[in-house]
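The values are calculated or read from the model by the stated rules, or taken from the named source; none is laboratory data. Here the structure is a predicted model, which is why all the values come from computation and not from measurement. Here the Cβ positions follow ideal geometry from the backbone for every residue, glycine too, while neighbour counts run over all protein chains shown.
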Amino acid sequence: QLYYQVLNFGMIVSSALMIWKGLMVVTGSESPIVVVLSGSMEPAFHRGDLLFLTNRIEDPIRVGEIVVFRIEGREIPIVHRVLKIHEKQNGEIKFLTKGDNNAVDDRGLYKRGQHWLEKKDVVGRARGFVPYIGIVTILMNDYPKFKYAVLFFLGLFVLVHRE
Amino acid sequence: LRKNLEDFTGPRERSDLGFVTFDITADILDGKSDLQSIFDWNVKQLFLYLSAEYSTKNNALNQVVLWDKVMLRGDNPKLFLKDMKSKYFFFDDGNGLKGNRNVTLTLSWNVVPNAGILPLVTGSGHVSVPFPDTYETTKSY
């Protein structure tokens, strides 16, 4: 009986993992779903909104697109809009971003001496979104006790649940 | 949707800086092509932006957003903007604006739904702006 429950739990975890990895392959992004962390894109997106990304190399970066990028050496991804692009004949591109709700562009956020972003900094392009849902992740991050409570109840549910 | 404008370039450090003034009119032309019709039950806002697109010796493709605006559901959907100055500096990456006859201005918008897909739409109608061959140092903007 215990053997069965452990297997059951294992199946759930590996299915979730497969779906996540599958999404990564289909969208081409290492992080196909992200949560909006700041208010810099209001009123379009608010803290806690969930964004669905794709990162297909064939899709060219054009102004007006909402990109999620990471600044070299920093972990937190930023969700802003492309303000300017300069693309060379060979496809090499450098671009500038700005949050809709910010007064200035993102040059101040880039690394010291860095004036532009490049394709390699991009995590993905926002193609769709769902509001509010991501608030759970933010809550779990800000209030670790909440995270433990969620995990505890999840574990309890799986163990107690009978077929 | 119609735009028209005047322009001149000024030298700044080593890159060309363009100055453009423009009018934007978005109005009912045939009962179907106004912005109001884009606001269906699932549209929360439109993010409008005017971008300039052109080619230079340095770069095959350049796009610069000159102006943008958030139009919320419920805002007046008719735009009658005249003599607008660009919101952002129109710097080129180099000196490609001088004498460039083929700078195209287009109005586009990002439809932000309450939930769902985020499409980018380009408006019909665009205007070409020819930049002069000389730099201006005296005109004030």
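Any residue at all in the range A:108-131 that is touching a residue at least 40 places away in the same chain (Cβ under 8 Å), in a loop (DSSP other than H, G, I, E, B), facing another protein chain (nearest Cβ under 9 Å) and not hydrophobic (A, V, I, L, M, F, W, C)? Yes, the range A:108-131 contains at least one residue that is touching a residue at least 40 places away in the same chain (Cβ under 8 Å), in a loop (DSSP other than H, G, I, E, B), facing another protein chain (nearest Cβ under 9 Å) and not hydrophobic (A, V, I, L, M, F, W, C). Just so you know, in the range A:23-51 the residues that are closer than 16 Å to B:Val112 by Cβ and acidic (Asp, Glu) include one that is surrounded by the most Cβ atoms within 10 Å (Cβ to Cβ), and it is A:Asp49.
Restricted to the range B:45-87, and to residues that are part of a strand (DSSP E or B) and of a type in the set (Lys, Arg), which residue is nearest to A:Gly91 (Cα to Cα)?
Quick first cut of the range B:45-87, residues part of a strand (DSSP E or B) only: B:45-54, B:61-72, B:79-85.
With the extra rule that they be of a type in the set (Lys, Arg), the set shrinks to B:69, B:82, B:85.
Working: B:Lys69: 30, B:Lys82: 37, B:Lys85: 31 Å.
Here the answer is B:Lys69.
Among residues of the range A:89-99 being of a type outside the set (S, T, N, Q) and at pLDDT 90 or above, the one that is farthest from A:Lys120 (Cα to Cα) is A:Gly99.
Here the range A:111-130 is the region considered, the condition is being crowded, with 19+ Cβ neighbours inside 10 Å and not charged (D, E, K, R), and the residue that is modelled with the lowest pLDDT is A:Phe129. Of these, A:Val63, A:Val68, which one is under 26 Å from A:Ile93 (Cα atoms), more than 11 Å from chain B (Cβ to nearest Cβ) and not polar (S, T, N, Q)? Checking each option against the conditions leaves just A:Val68.
When residues of the range A:3-48 are filtered for being of a type in the set (A, V, I, L, M), out of contact with any strand residue (DSSP E or B) (no Cβ under 9 Å at 6 or more places or on another chain) and in contact (Cβ under 8 Å) with a residue 40 or more places away in the chain, how many remain? If you could, list the steps in order and put the result at the bottom.
Of the residues in the range A:3-48, the ones of a type in the set (A, V, I, L, M) are A:6-7, A:11-13, A:16-19, A:23-26, A:33-37, A:41, A:44.
Keeping just the survivors that are out of contact with any strand residue (DSSP E or B) (no Cβ under 9 Å at 6 or more places or on another chain) gives A:6-7, A:11-13, A:16-19, A:24-25.
From what is left, the residues that are in contact (Cβ under 8 Å) with a residue 40 or more places away in the chain are A:12.
Looking only at that region, the number is 1.
Does A:Lys147 satisfy the condition of being surrounded by 13 or more Cβ atoms within 10 Å (Cβ to Cβ), over 13 Å from the mean Cα position of the chain (by Cα) and assigned to a strand (DSSP E or B)? Lay out the reasoning, then the answer.
Values: surrounded by 13 or more Cβ atoms within 10 Å (Cβ to Cβ): yes; over 13 Å from the mean Cα position of the chain (by Cα): yes; assigned to a strand (DSSP E or B): no.
No, not satisfied.
Counting only strands (runs of 3 or more DSSP E) that fall entirely inside the range A:1-101 and contain at least 3 residues that are in contact with a Gly (Cβ under 8 Å, 6 or more places away or on another chain), the qualifying elements are A:50-54, A:78-87.
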